[in-house]
Structure formats: C-alpha cells, structure tokens
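The structure appears right after this line, and notes come after that.
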Amino acid sequence: MGNRQSRAAIATLVERQTRYCQLVALPEGTDAERVAEALAASITTLPAQLRRSLTWDQGQEMAEHRRFSVDTGVEVYFCDPRSPWQRGSNENTNGLLRQYFPRRESLAGVTQERCDEVAAKLNRRPRETLGFRTPAEKLQELIEGLAEPGAER
C-alpha cells in the first residue's frame with residue numbers, strides 16, 4: 001500500500017486462514033531489494049508451517065522474489081495482471097488500513113511501531129468471516145493445533 005505523494009509505503013502480509021496481518025513499514029519506498037529484506041524479516045517471525053507461500057501482485061517491488069524465497073524458504077506466486085480478487089484477504093486488509101492511513105495522506109514518517117500498533121488493532125478486531133472471532137484468536141488456535149502431537153497441515 002502506498003501513495004503518490006511520497007515513496008514511502010506499507011507492505012501487508014496476511015495469513016489466509018486466520019486473516020492475521022503483519023504490516024511492514026517501507027519508509028524508503030518499494031525498491032525491490034529493500035522490500036525483499038523487509039518482508040523476509042517480518043515473515044520469518046511466523047511459525048514455519050504458516051509461511052509456506054506468498055501471493056503477490058505483478059509489481060516491480062517483488063523483482064527480488066527469488067532471493068526472498070532462498071532467504072526464507074517461502075515460495076512466491078504471482079497473481080494474474082489486474083486480478084485483485086486472487087489476493088482477496090490482502091485486498092480486504094488494505095481496505096481496512098485506509099481507516100488508519102487515508103489514501104491521500106502521505107505515508108512518509110510512518111514508523112514500524114505505528115504499523116505494529118495498527119496491525120494489533122486489526123488482529124483484535126472480530127471478523128464475520130471468522131465467526132466473529134479475531135484473527136489473533138484464530139492464529140493462536142491454529143498454532144496450538146500445529147503443536148498437538150500428530151497434528152499435520
């Protein structure tokens with residue numbers, strides 16, 4: 001998510017089953033090398049079972065996707081051009097982010113701490129699609145299920 005007034009942007013990582021999101025501040029813009037590094041640092045904080053793949057749009061910011069995959073073990077898939085519905089959870093999250101970061105407002109100066117605060121709010125927000133549970137609750141359930149003996153994914 002970015003805007004035309006500044007190069008700064010926010011990358012969104014959304015776990016598809018739980019809708020749990022992580023926001024990554026990109027104060028220097030969407031240079032492919034910086035994006036790959038920032039996403040790698042964020043995604044590797046999740047349990048390995050939850051970071052098997054990443055679906056991205058066709059933007060130049062993921063030109064370093066091979067390096068990202070080597071560094072993280074996460075496969076990267078790309079949506080078809082002009083097909084945002086192929087990343088529905090992410091697009092929905094971007095819409096929710098507009099409540100905190102309006103489209104015409106500059107993202108320059110948005111810190112990782114602010115992104116973490118907004119992500120925490122979104123992850124504690126009940127969602128109809130989750131049976132009015134929160135993404136944080138669903139993620140915890142999923143992690144606990146993965147930790148149970150014999151649990152497979």
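Just a few scattered comments:
- Q17-Q99 pseudo-label distance in nm [points 7 Å out on the Cα-to-Cβ vector]: 2.6
- Computed label-point distance, nm, for sites Q49 and I143 using a 7 Å Cα→Cβ extension: 1.2
- Unit charges at the beta carbon, dipole of the chain: most positive-side option, M62, T12, L146: T12
- For the chain, the share of DSSP beta bridges that are antiparallel, to the nearest 5, is 65%.
- Three semi-axes of the equivalent ellipsoid, the chain, Cα gyration tensor, whole Å, largest first: 25, 19, 14
- Global geometry of the stretch 1-61, whether rounded, prolate or oblate, following the gyration tensor of its Cα atoms and the 1.5 cut on a/c: prolate
- Within the accessible area of the chain (1.4 Å probe), percent carbon and sulfur: 46
- Efficiency of FRET between D31 and R127 - r from beta-carbon atoms, R0 35 angstrom, step 0.05: 0.60
- Helical runs (DSSP H, four residues minimum) scored at -39500 (n - 2.57) apiece and divided by the length of the chain put the mean residue ellipticity at 222 nm at -11000 deg cm²/dmol.
- Nearest 10 degrees, 0 to 90: helix 112-123 Cα axis against the chain principal axis: 40
- With all protein chains kept in place, the per residue accessible area of the stretch 15-115 amounts to 57 square angstrom at a probe of 1.4 angstrom.
The values are calculated or read from the model by the stated rules, or taken from the named source; none is laboratory data. What you see is a predicted model, and the numbers here were worked out from it, not measured in a lab. Every residue, glycine among them, receives a Cβ derived from its backbone with ideal geometry; neighbour counts consider all protein chains shown. Quick note on the areas: whole protein, heavy atoms, side chains included, nothing else; ligands and nucleic acids left out. Shrake-Rupley method; radii C 1.70, N 1.55, O 1.52, S 1.80 Å.
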